[in-house]
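Trainee: Please read through the structure below; I'll follow up with questions.
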Amino acid sequence: MKKKALEWYHKAADKGDTLAMVFLGSMCENGQGGLEKDDKIALEWYRKAADKDNALAMNSIGVMYEYGKGDLEKDDKKALEWYHKAADKDNALAMTNIGRMYESGKGGLEKDEKKALEWYRKAAEKDNAKAMFNIGGMYQSGRGGLKKDDKKALEWYLKAADKDYALGITNVGLYYAHGLGGLRKDEKYALEWLQKAADKGEATAILAIGSMYFHGVGGLRKNEKTALEWIKKAVDKNNNKAMHSLAQYYEYGLGGLRVDYKQAKYWYQKALDNGYTDAKKDLKALERKGY
């Protein structure tokens, strides 16, 4: 089946079908459909499709410039140029990416959360789930000129969840778990939402389920060993908070692990290197103990 689909995409691409070109590029980029992962060939396909005015391909080229893939030098300015080319053709993914660059001040842009919100709203009007989620985040933290409003945040997370967006599903689960956004706290229902997101491989949801096993909530029996299994799953997905949790398990001998300060230090450092700043104080505490 995979081989036949691949043959069909190649035939369609040979006839100038730009969507088939983008599919082939994506399959090469992600190592799917029986193809080896190859960013260079992926970029070639995206360029072919972009030359024929395919907006999705233009956005993909932008992503490759932003992250330095396909043997391209990492270049946020070039990435932004390609995102604008795609957005000019009404591509919602590109609009979301432009918003993200305004939010973080990348691509030579000054950080501007209000501009970011404008772009997220444009993309959300075109049904982009990631943009909906990002608007929810801005309401949750009171950014982009918005007042902090958990109810509004929940509305946007639900919109993203309705489009099967895993992070949106996760945040709805977390809102039920903590009774936010006008919801009554319901840890059992929270677990259902988190399990949906975990089934999609969403690391924050996976870690949250581990926490629920640790505390024995949501109808789950307290079980540190099972909690540890879930934490390790989140670590495998490079979740920095999960790395921090794993370090704590080693430091305090939880979940059936022996106390191992060397491993604890390793995972605190790994969490810190991946952007989890709370790990810094734990590292210092271990160093004061002589580890």
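Trainee: Using only Cα atoms, find the angle between the long axis of helix 129-141 and the longest principal axis of the chain, and express it within 0 to 90 degrees, rounded to the nearest 10.
Mentor: Roughly 40 degrees between the two axes.
Trainee: Nearest 10 degrees, 0 to 90: what angle lies between the long axis of helix 166-178 and the longest principal axis of the chain (Cα atoms)?
Mentor: 30 degrees
Trainee: Determine the relative contact order of the range 239-291: mean sequence separation of Cα pairs under 8 Å and six or more apart, normalised by residue count, in whole percent.
Mentor: RCO, the range 239-291: 34 percent.
Trainee: Okay, next question. Under a 5 Å amide H to amide H cut-off, with H placed in plane at 1.01 Å, what residues pair with ASP149 once short-range neighbours are removed?
Mentor: Correct list: GLN140, GLY142.
Trainee: Where does the longest stretch of the chain lie that holds no GluC sites (Glu not before Pro) found in a DSSP loop with 12 or fewer other Cβ atoms within 10 Å?
Mentor: 111-291
Trainee: Assign one of three labels to the range 239-291, namely rounded, prolate or oblate, based on the Cα gyration tensor with a ≥ b ≥ c the square roots of its eigenvalues; rounded applies when a/c is under 1.5, prolate when it is not and a/b is larger than b/c, and oblate otherwise.
Mentor: Verdict is oblate for the range 239-291.
Trainee: Determine the distance separating the Cα centre of the range 40-94 from the Cα centre of the range 1-21; give it in Å without decimals.
Mentor: 20 Å
Trainee: Once R0 is set to 41 Å, what does the formula 1/(1 + (r/R0)^6) return for the Cβ-Cβ distance between VAL259 and SER104, expressed as a FRET efficiency to the nearest 0.05?
Mentor: Using R0 = 41 Å, I get an efficiency of 0.55.
Trainee: Could you tell me whether the range 48-111 comes out rounded, prolate or oblate from its Cα gyration tensor? Rule is a ≥ b ≥ c as square roots of the eigenvalues, rounded for a/c under 1.5, then prolate if a/b exceeds b/c, otherwise oblate. Show your work: numbers first, answer last.
Mentor: Numbers: a/c = 2.40, a/b = 1.22, b/c = 1.96.
In terms of gyration-tensor shape, oblate.
Trainee: Could you tell me which label, among [x] 0.93; [y] 0.97; [z] 1.02, carries the value of Rg/Rh (Cα atoms, Kirkwood Rh) calculated for this structure?
Mentor: Evaluating Rg/Rh (Cα atoms, Kirkwood Rh) on these atoms matches [z].
Trainee: Moving to a separate point now. For the range 186-273, run through the trypsin sites (Lys or Arg not before Pro) and keep only the ones in DSSP coil with at most 16 other Cβ atoms within 10 Å of their Cβ.
Mentor: LYS200, ARG221, LYS222, LYS237, ARG258
Trainee: Taking Cα atoms, how many degrees apart are the long axis of helix 55-67 and the longest axis of the chain, rounded to 10 and kept between 0 and 90?
Mentor: In the chain, helix 55-67 runs at an angle near 50 degrees to the longest axis.
Trainee: Which entries of LYS130/LYS196; LYS122/LYS152; LYS48/LYS77; LYS200/LYS233 have Cα-Cα distances beyond 19 Å here?
Mentor: The pairs that break the limit, which is 19 Å between Cα atoms, are LYS48/LYS77.
Trainee: So what is the relative contact order for the chain, in percent, with contacts set as C-alpha pairs under 8 Å and at least six apart?
Mentor: With pairs under 8 Å counted, the relative contact order is 6 percent.
Trainee: Going by the alpha-carbon gyration tensor, a ≥ b ≥ c the square roots of its eigenvalues, is the range 164-237 rounded (a/c under 1.5) or, if a/c is not under 1.5, prolate (a/b greater than b/c) versus oblate? Show your work: numbers first, answer last.
Mentor: Details: a/c = 2.38, a/b = 1.18, b/c = 2.01.
It is oblate, given that a/c is not under 1.5 and a/b is not larger than b/c.
Trainee: Would you please name the trypsin sites (Lys or Arg not before Pro) within the range 1-38 that are DSSP coil residues with at most 13 other C-beta atoms within 10 Å of their C-beta?
Mentor: Hits after loop and neighbour filter: LYS15, LYS37.
Trainee: A further question follows. For the chain, what does -39500 (n - 2.57) per DSSP helix run (n ≥ 4), summed and divided by total residues, give at 222 nm, in deg cm²/dmol to the nearest 500?
Mentor: Details: 16 runs with 204 residues, N = 291.
So the calculated ellipticity at 222 nm is -22000 deg cm²/dmol.
Trainee: Taking the Cβ of ASP127 as the center, what net charge do the other residues with Cβ under 13 Å away carry, scoring Lys and Arg +1 and Asp and Glu -1?
Mentor: +2
Trainee: So how long is each side of the range 1-143 along the principal axes, counting just the alpha-carbon atoms, biggest first, in Å?
Mentor: Between the extreme Cα coordinates on each principal axis of the range 1-143 lie 50, 30, 24 Å.
Bear in mind that the values in this text are calculations on the coordinates, not laboratory data. Predicted, not measured: the structure shown is a model, and the values here were computed from it. As a convention, Cβ positions derive from the backbone with ideal geometry for all residues, glycine included, and neighbour counts pool all protein chains shown.
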